[in-house]
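All of the numbers you see were taken from the coordinates with simple rules; none came from a lab. The structure displayed is predicted, hence computed values, not measured ones. A quick note on method: Cβ atoms are made from the backbone with ideal geometry, for glycine too, and the neighbour counts reach across all protein chains shown.
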Amino acid sequence: MEIIEGAGVWADPGAAGHDWVEQFRTPDVSVGTYCIPAGGRDTQSPHAEDEIYVVTAGNAKIATPGRIEEVGPGAVIFVPAGEEHRFTEVTEDLTLLVMFGPAFGSREPGPQHPKSA
C-alpha cells in the first residue's frame, strides 16, 4: 500500500496558466494533479492512454468533439485514449485528480499533457 500525498490538491500554476504534476507511477497506472486557475486556458492535446479525471474543486466545462458538459466537485470523467478534450470556461480554480492507464506517456508515440513551466 502507498498513500499518495498531494494528489488532487490545488497548486498555483503561476505564469504557465495550468499545472500538471505526477505524484505516483507504476507501469499500469499513473496518478497526478492538473490545475487550471479561473479564467485559465487548457492547452492539452489528446493522450495515448485512457484517462479518468475526478474534479476535487472548481467549476468548468469539458468539451469533446461531440459533447460539452459542466463539471464541478465530485464529477468523474472518463476520456478514452486519443479523444480530443479540453476544459473551458473555468469559472473557479479547477483542481483535477487525474489517473492514466497505462501510465502517462507509456504509449509512444502520442500527444502529451501540458508540462509545468
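Remark on the chain: ratio of C-alpha radius of gyration to 2.2 N^0.38 Å is 0.97.
Magnitude of the charge dipole for the chain, about its Cα centre and with charges confined to Cβ atoms of Lys, Arg (+1) and Asp, Glu (-1), is about 200 debye.
Which is the longest stretch in the chain that no exposed loop site breaks, taking sites as GluC sites (Glu not before Pro) with a DSSP loop state and at most 12 other Cβ atoms within 10 Å? Formally, the longest exposed-site-free interval is 6-117. In this structure the amide hydrogen of V29, modeled in the peptide plane, comes within under 5 Å of the amide hydrogens of A103, none closer than 5 places in sequence on its chain.
Across the stretch 19-30, rounded Karplus estimates of 3J(HN,Hα) from the backbone phi angles (6.51 cos²θ - 1.76 cosθ + 1.60, θ = phi - 60°) give 8, 10, 10, 8, 9, 8, 8, 10, x, 8, 7, 9 Hz, Gly and Pro being marked x. Modelled this way, with points 7 Å down the Cα-to-C-beta line, the labels at E108 and M1 are 3.7 nm from one another.
With θ taken as phi - 60° and the Karplus curve 6.51 cos²θ - 1.76 cosθ + 1.60 applied, the whole-hertz 3J(HN,Hα) list for the stretch 4-14 is 8, 6, x, 5, x, 9, 4, 9, 5, x, x Hz, x standing for glycine and proline.
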